[in-house]
Amino acid sequence: MIALWPLAVITFREGVRNRALYGITLLALLLFIANFLISGMFMQEIGKVAVDIALSAVSLSGLLLVLFVGINLMAKDLDKKTIYMVLSRPISRFQYIVGKFLGMALLIVVTMIFLSMCAMLSIEIIKLAYPNYFQRFSWPMIFLALSFSTLTMLLLSALAFLFASFTSTSFITLVLTVIAYIIGQSLSDVKALVEAPQSVGIQVSSVTVKLVQIAYYLFPNLSLFDIKTQAAHGIFLTTSYVFWVVSYGLAYITLSITCAALIFQRREFP
């Protein structure tokens with residue numbers, strides 16, 4: 001752990017100095033400001049729209065953070081060959097992967113906390129302006145939705161590290177991460193569709209069903225973490241569901257980073 005902390009701090013500082021981070025933060029702030037204008041256009045649904053836009057802005061900003069900052073933090077060491085300097089020190093490749101991920105995780109958590117505070121501030125201002133449209137409002141559900149968004153970004157970052165451990169360029173890592181995100185968001189709906197095609201009047205081959213079922217257990221089910229609808233409508237989740245989803249996310253993160261470290265240990269550099 002002593003060897004991991006300096007690497008994590010260096011990674012965090014590199015992420016903070018990345019100009020893309022400031023662009024992403026500025027975009028999020030503009031979306032929060034736009035929330036005041038857009039919500040006022042839906043007089044009967046102001047509360048739901050305000051919550052949904054604020055949470056969506058945080059999720060989008062977190063996704064951009066992982067794709068354009070997180071992937072670059074590891075790719076830069078490989079592209080500029082600075083990884084040789086790092087590995088020449090008394091640190092193993094396993095520790096390198098874990099340390100870089102801890103630094104990125106710290107950057108994600110700090111950024112998401114800041115964005116979450118801005119999101120809650122925008123919701124509170126709109127709530128004060130239109131108190132009659134927030135009858136089913138729940139701060140605990142807002143906080144839970146923001147926490148789930150943070151966990152989603154940590155999971156996606158772990159997947160990016162897994163892809164970076166065996167790919168040759170950051171572009172391939174970016175493409176694979178985007179594909180994993182798209183699949184993870186739509187996997188549950190696709191699985192339900194191919195397993196009951198008669199409900200929509202289509203035919204699906206058994207091979208397609210098997211492939212979708214394999215993908216369902218191979219890729220992360222990111223739709224489990226998307227509770228913006230429940231938060232917008234003030235629908236509470238059961239404690240068992242929250243515990244299961246958090247455990248699922250942490251287990252997938254741990255497995256992804258472990259696999260990334262094991263693959264990286266066997267990788268040969270030119």
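The values are calculated or read from the model by the stated rules, or taken from the named source; none is laboratory data. Being a predicted model, the structure only gives us computed values, none of them experimental. All Cβ positions, even for glycine, are placed from backbone atoms using ideal geometry, and neighbour counts span all protein chains on display.
For the residues SER170, SER122, SER149, the requirement of being crowded, with 16+ Cβ neighbours inside 10 Å, touching a Ser or Thr at 6+ places or on another chain (Cβ under 8 Å) and among the polar types (S, T, N, Q) singles out SER149.
Here is a check on your reading of the model: is LEU250 assigned to a helix (DSSP H, G or I), among the aliphatic types (A, V, I, L, M), farther than 21 Å from VAL58 by Cβ and under 23 Å from the mean Cα position of the chain (by Cα)? In short, no.
The single residue among ALA75, ALA119 that is modelled with pLDDT of 80 or more and not polar (S, T, N, Q) turns out to be ALA119. Among the numbered conditions (1) within 18 Å of the chain's Cα centre (by Cα); (2) touching a residue at least 40 places away in the same chain (Cβ under 8 Å), the only one that ILE235 does not meet is (1). Just one of the listed residues (GLY62, GLY70, GLY47) is touching a Ser or Thr at 6+ places or on another chain (Cβ under 9 Å), at pLDDT 85 or above, of a type in the set (Gly, Ala, Ser) and closer than 23 Å to ASP226 by Cα, namely GLY62. Can you spot a residue in region 240-247 that is part of a helix (DSSP H, G or I), modelled with pLDDT under 90, among the aromatic types (Phe, Trp, Tyr) and exposed (fewer than 11 other Cβ atoms within 10 Å of the Cβ)? The answer is no; no qualifying residue exists. Among the criteria (1) at pLDDT below 85; (2) closer than 20 Å to ALA105 by Cβ, the one CYS259 does not fulfil is (1). With respect to the stated conditions, PHE32 is touching a Cys at 6+ places or on another chain (Cβ under 6 Å), touching a residue at least 60 places away in the same chain (Cβ under 8 Å) and within 21 Å of TRP139 (Cα to Cα). Name the residues in region 14-29 that are free of Cβ contacts under 8 Å to residues at least 60 places away in the same chain and either in contact with an Asp or Glu (Cβ under 8 Å, 6 or more places away or on another chain) or surrounded by fewer than 17 Cβ atoms within 10 Å (Cβ to Cβ) (or both), would you? Scanning region 14-29 gives ARG17, ARG19, ALA20, TYR22, GLY23, LEU26, LEU27.
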